[in-house]
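The values are calculated or read from the model by the stated rules, or taken from the named source; none is laboratory data. Worth saying up front: this structure is predicted, and the values here are computed from it rather than measured. Don't worry about glycine lacking a Cβ; one is built from the backbone with ideal geometry, like all the others, and counts go over all protein chains shown. The protein model used for the area step is the full one, side chains on, heavy atoms only, and it has no ligands, DNA or RNA in it. Shrake-Rupley method; radii C 1.70, N 1.55, O 1.52, S 1.80 Å.
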Amino acid sequence: MKRSRQVPGGRRRHSRRPLDRQRLYVRHSAASDAGGWSVEYDVDWDGIDVALARSQPEVLAQLRASALIESFHPVHLGRLLPAVADDVDATTVVALEMYEGFKHFHALRRYLDVVGHLPVITDQELVDIRRSASCEALAPDEVVPRLVRFMLSEHLASHYFRRLAARVREPVLRALLRTMAADEVRHAQGAFDLVAARVHKDSALVPVVLLAASSFRHFGEEAVGEVPVAEAGDAQAIRSFARRIERLCGVRLVDHLRTTLPG
Ligand SMILES: [Fe+2]
Ligand SMILES: [Fe+2]
């Protein structure tokens, strides 16, 4: 698909101010464009090997849980959005996550429908999950812990989709999961950059980040109870999880745990 670079509406205008490419929202918008893909046109829906997909029912069950988690973004990010309304970069990162998270949900649900997985995901099920959760906006002091939770959930999602892709036999799903894993890497980076900017401005947030990391729970637990994340003992996922925190705080998570845990 060829895309026009022309500004919609006619002649290209000369901007007086050069685009600040270091601006966080500019970088993340550009990365989103570069990694962009279409649920409609870039997934080979007609090429799905239904019998092969059905030969791995445990994979399909995990996809179903993942689709429900992705469908929960409007609640989990909806609570965050008003609390970061004064931060243009943050609202952009959250908006991109909402859109791309919706694409993940849409693609997974459609895949499950195509292969005839049961039980079918219904809109009522999605609404019931949302109704059972609080939709209250976060208080200001909850923002950084919630951004850390968002970052680490996305980080683990990238590992999870990549690992799952490695054991999926059906090629269309394998390709889809790899694409989604790459999206999650960007999403984790977006949240990381937001937390890093806040920590840079206020080093008193370091213990807040460490506490949020050490008491981490995936946001998807609110949607499905048990989240199919990176496999237990996925050493690579856990190491890189800890490295992210170290880069943010200048303190090793393991050292922090040693000094805070009893015994
Ligand atoms: Fe996602
Ligand atoms: Fe995501």
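Quick look at the values:
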{"item": "Qualifying position, being more than 23 Å from Ile238 (Cα to Cα), away from ligand 2 (no atom under 16 Å from the Cβ) and modelled with pLDDT under 95, among Glu136, Glu142, Glu170, Glu125", "result": "Glu136"}
{"item": "Candidates Ala165, Ala181, filtered to the one that is under 17 Å from Ala67 (Cα atoms), over 14 Å from the mean Cα position of the chain (by Cα) and either in contact (Cβ under 8 Å) with a residue 60 or more places away in the chain or within 16 Å of ligand 1 (Cβ to nearest atom) (or both)", "result": "Ala165"}
{"item": "Residue satisfying condition, being on the phi < 0 side of the Ramachandran plot, hydroxyl-bearing (Ser, Thr, Tyr) and open to solvent by 60 Å² or more (accessible area, probe 1.4 Å), within set Ser158, Ser215, Ser153", "result": "Ser215"}
{"item": "Failed criterion for Leu126 (all others in (1) buried (at least 17 other Cβ atoms within 10 Å of the Cβ); (2) out of contact with any Ser or Thr (no Cβ under 9 Å at 6 or more places or on another chain) hold)", "result": "(2)"}
{"item": "Region 175-192: number of residues that are out of contact with any Gly (no Cβ under 7 Å at 6 or more places or on another chain), open to solvent by 50 Å² or more (accessible area, probe 1.4 Å) and over 16 Å from Tyr41 (Cα atoms)", "result": "3"}
{"item": "Residue list for region 99-109, restricted to those being small (Gly, Ala, Ser) and more than 11 Å from ligand 2 (Cβ to nearest atom)", "result": "Ala107"}
{"item": "Unique residue being open to solvent by 10 Å² or more (accessible area, probe 1.4 Å), among the hydrophobic types (A, V, I, L, M, F, W, C) and away from ligand 2 (no atom under 13 Å from the Cβ) when the list is Leu96, Leu81, Leu112", "result": "Leu81"}
{"item": "Filter pass, Ala67 being buried (at least 21 other Cβ atoms within 10 Å of the Cβ) and away from ligand 1 (no atom under 16 Å from the Cβ)", "result": "no"}
{"item": "Whichever residue in region 129-150 is basic (Lys, Arg) and farther than 26 Å from Thr179 by Cα and, among such residues, is surrounded by the fewest Cβ atoms within 10 Å (Cβ to Cβ)", "result": "Arg131"}
{"item": "Members of region 86-130 that are among the aromatic types (Phe, Trp, Tyr) and under 22 Å from Glu58 (Cα atoms)", "result": "Phe105, Tyr111"}
{"item": "Some residue of region 200-218 being within 16 Å of ligand 1 (Cβ to nearest atom) and more than 14 Å from Asp87 (Cβ to Cβ)", "result": "yes"}
{"item": "Selection within region 44-64 - of a type in the set (S, T, N, Q) and open to solvent by less than 20 Å² (accessible area, probe 1.4 Å)", "result": "Gln56"}
{"item": "Region 218-235: number of residues that are open to solvent by 50 Å² or more (accessible area, probe 1.4 Å), under 19 Å from Arg162 (Cα atoms) and modelled with pLDDT of 80 or more", "result": "0"}
